[in-house]
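Peer 1: Would you mind keeping the following structure in view while I ask a few things?
The values are calculated or read from the model by the stated rules, or taken from the named source; none is laboratory data. As the structure is a prediction and not an experimental result, all values here were calculated from the model. Because the Cβ atoms are built from the backbone with ideal geometry, glycine has one as well, and the counts that use them run over all protein chains shown. With ligands, DNA and RNA removed, areas are computed over all heavy atoms of the protein, side chains included. Shrake-Rupley method; radii C 1.70, N 1.55, O 1.52, S 1.80 Å.
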Amino acid sequence: MDATIKPIRPNKQLESRPAELDPAEFLAAAVRADQPRPARAEAEQAVKTLLAYIGENPHREGLLDTPRRVVEAFDELYQGYHQCPAEVLDRTFGETAGYDDFVLVRDIEFTSQCEHHMMPFYGKAHIAYTPVERVVGLSKLARLTDIFARRLQTQEHLTAQIAAAIDEILKPRGVAVLIEAEHTCMSVRGVAKHGASTFTSRYTGMFRDNPAEQARFLSMVRGLQR
Ligand SMILES: [Zn+2]
């Protein structure tokens, strides 16, 4: 998967990139006060339209509150658009006592929604970074994963954005991100294959340049697992 993702490095900033791979775009909260959004009533009306489209009667009793519930669920599933990834990583600690190896947080569970079908994909993220002087609270890597996961995503972009955010803000010696996920757009529709896992990875700095570090990261992710 790595090969299909354009590299995100500071020295490539002159290159034009799609917004979803441009840290200047995705590190901020995506919803800004000065951008108009449809009203909640309009969103609920759109759900009613979908109900009628599938052949339902949106006015029958069981469905009366459904548009409201769907929009509320959207508020929750897509709250990442209102959150700022950069803020999550801005509190760092300097007391590393000379720690010079990578820090790995494994098995960060997440649920995201695929941007092609708006159907859930879910799984685990494994994130490692090698700090330079400053470290970040470990729960912050899970928070960062959630912010990006609670937006419409492809698994490839989710992987790349987590790595790029850590790279941009913490400026570590390297970042490694491995994500394994099951896509419901593949398990309950389309080819309908249950249990198929998709793996994506992203390496920067020392992890990208040193295959031995990649191998050590992968063996720590896999070795002690399950
Ligand atoms: Zn999909």
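Peer 1: Tell me, which helices (runs of 4 or more DSSP H) lie completely within segment 14-115 with 3 or more residues that are modelled with pLDDT of 80 or more? Write out each step before concluding.
Peer 2: Working: elements: 23-26, 40-53, 66-77, 85-88.
The helices (runs of 4 or more DSSP H) meeting that bar are 40-53, 66-77, 85-88.
Peer 1: Oh, and also: I'd like the residue in segment 160-193 that is within 16 Å of the ligand (Cβ to nearest atom) and of a type in the set (K, R) and, out of all such residues, is nearest to I147 (Cα to Cα).
Peer 2: R189
Peer 1: Considering segment 149-160 alone, what residues qualify as being open to solvent by 10 Å² or more (accessible area, probe 1.4 Å) and in contact with a Leu (Cβ under 9 Å, 6 or more places away or on another chain)?
Peer 2: Hits for segment 149-160 are R150, R151, H157.
Peer 1: Here's another thing I want to ask about it. Output the residue which, of all residues in segment 115-148 that are within 16 Å of the ligand (Cβ to nearest atom) and buried (at least 19 other Cβ atoms within 10 Å of the Cβ), is nearest to V70 (Cα to Cα). Walk me through how you get there before you give the answer.
Peer 2: Applying the first criterion (within 16 Å of the ligand (Cβ to nearest atom)) to segment 115-148 yields 115-123.
From the residues that got through so far, the ones that are buried (at least 19 other Cβ atoms within 10 Å of the Cβ) too are 121, 123.
Numbers: F121: 18, G123: 23 Å.
Here the residue is F121.
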